[in-house]
Amino acid sequence: MRESQKLIEEIKQLKEEKNAVILAHVYQRGEVQDIADYTGDSLDLSKKAVETPADIIVFCGVQFMAETAAILNPNKTVLLPDKHAGCGLADMATVEQLSKIKKQFPDSIIVSYVNSSAAIKAESDICCTSANAISVVNSLPDDPILFVPDRNLGSYVAEQTKKDIILWDGYCYVHENIKTYHLKFLKEKHTNAEIIVHPECSTPVRHMANFIGGTAQMSRYAAQSDKREFIVGTESNFVYRLRKDNPNKRFYPVNSLCDGMNIMCKKLI
């Protein structure tokens with residue numbers, strides 16, 4: 001315990017000396033979230049970075065998040081604690097692949113999910129988040145839409161719109177690994193719990209849910225709901241944030257972890 005407290009004090013001192021701010025995604029482990037100045041989803045954190053007077057932004061997340069923060073904050077230094085902290089979903093779309101598919105669908109509008117590389121975003125017509133994907137797609141002309149790179153989020157958007165959506169064959173393994181039998185098992189144990197899941201989950205999983213939304217949307221839903229128990233279908237570290245923000249409610253994770261988000265902690269163990 002004394003070693004941990006000493007490390008925390010050293011981090012705080014360095015922050016002051018360097019005029020730095022620490023941003024932590026809600027998929028980071030609890031001790032990382034606790035030391036951060038701000039926690040949230042990737043885009044909210046990048047926006048928060050714009051508002052801070054800090055010279056250095058330490059982004060505790062994965063590569064595409066640090067890229068987004070750097071794009072939005074060109075005059076600040078953005079540091080990713082581990083350069084190998086990648087995103088399996090973002091890695092499923094390369095510029096070379098996109099160029100080939102664009103030739104197959106030359107009249108399509110390319111919508112890239114924020115969980116993609118800066119290079120993919122640069123080749124896209126517009127970007128979206130999980131929270132605004134439906135409204136972004138609905139705002140576009142009635143041409144075919146190539147949705148990159150998440151097929152599950154893309155299929156969710158297709159269910160909610162009348163647009164012609166071409167799905168990229170990519171997925172987030174954290175959410176792909178969440179299966180209906182995981183939810184059924186937890187529901188049998190916690191019969192009064194509502195099921196809330198991320199739209200990156202597969203269609204069968206989404207169809208079992210009482211609520212579908214990104215992490216910020218799930219946070220608001222859980223806080224405002226009259227329900228006291230929730231089965232949470234997303235990266236398990238998010239449950240730490242939910243429990244901290246809602247101490248009188250119970251949250252049950254499905255035990256699916258992101259390697260990229262936990263790479264720093266694995267090296268420390």
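Could you list, in sequence order, the residues of segment 223-235 that are surrounded by fewer than 21 Cβ atoms within 10 Å (Cβ to Cβ) and touching a helix residue (DSSP H, G or I) at 6+ places or on another chain (Cβ under 9 Å)? Listed by number, the list holds a single entry, 223. Pairing each residue of segment 184-206 that is under 12 Å from residue 218 (Cβ atoms) and touching a residue at least 12 places away in the same chain (Cβ under 8 Å) with any residue that is surrounded by fewer than 18 Cβ atoms within 10 Å (Cβ to Cβ) and of a type in the set (Phe, Trp, Tyr), provided the two are 6+ apart or on different chains, yields C-beta distances under 9 Å for 194/211; 194/221; 195/211; 196/211; 196/221; 197/211.
Please verify whether residue 245 is closer than 17 Å to residue 27 by Cβ, surrounded by fewer than 16 Cβ atoms within 10 Å (Cβ to Cβ) and either of a type in the set (Lys, Arg) or at pLDDT 95 or above (or both), treating the condition exactly as stated. So residue 245 passes the test.
Of everything in segment 123-158 that's outside any loop (DSSP other than H, G, I, E, B) and out of contact with any helix residue (DSSP H, G or I) (no Cβ under 8 Å at 6 or more places or on another chain), which residue is surrounded by the most Cβ atoms within 10 Å (Cβ to Cβ)? Break it down into steps so the answer makes sense when it comes.
Within segment 123-158, the first condition is being outside any loop (DSSP other than H, G, I, E, B), and the residues that meet it are 126-128, 133-138, 145-148, 151-158.
Within this subset, residues satisfying the condition of being out of contact with any helix residue (DSSP H, G or I) (no Cβ under 8 Å at 6 or more places or on another chain) are 135-136, 138, 151, 154, 158.
Numbers: 135: 12, 136: 17, 138: 12, 151: 22, 154: 26, 158: 20.
This residue is 154.
Of all the listed residues (99, 112), the sole one being under 17 Å from the mean Cα position of the chain (by Cα) and of a type outside the set (A, V, I, L, M) is 112.
Yes/no per residue for (1) on the phi < 0 side of the Ramachandran plot; (2) among the hydroxyl-bearing types (Ser, Thr, Tyr); (3) outside any helix (DSSP H, G or I):
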site	(1), (2), (3)
174	yes, no, no
204	yes, no, no
216	yes, no, no
231	yes, no, yes
252	yes, yes, yes
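Close Cβ contacts (under 6 Å, 6 or more residues apart or on different chains) running from residues in segment 60-76 that are touching a residue at least 12 places away in the same chain (Cβ under 8 Å) to residues that are aliphatic (A, V, I, L, M) and buried (at least 24 other Cβ atoms within 10 Å of the Cβ) comprise 60/24; 64/90; 69/57; 76/57. Filtered by the rule that a residue be under 15 Å from residue 40 (Cα atoms) and without any contact (Cβ under 8 Å) to a residue 40 or more places away in the chain, segment 224-243 gives 236, 239, 242, 243.
The values are calculated or read from the model by the stated rules, or taken from the named source; none is laboratory data. Small disclaimer: the values here were computed from a predicted structure and weren't measured. Reconstructed Cβ throughout: ideal geometry from the backbone, glycine too, with neighbour counts over all protein chains shown.
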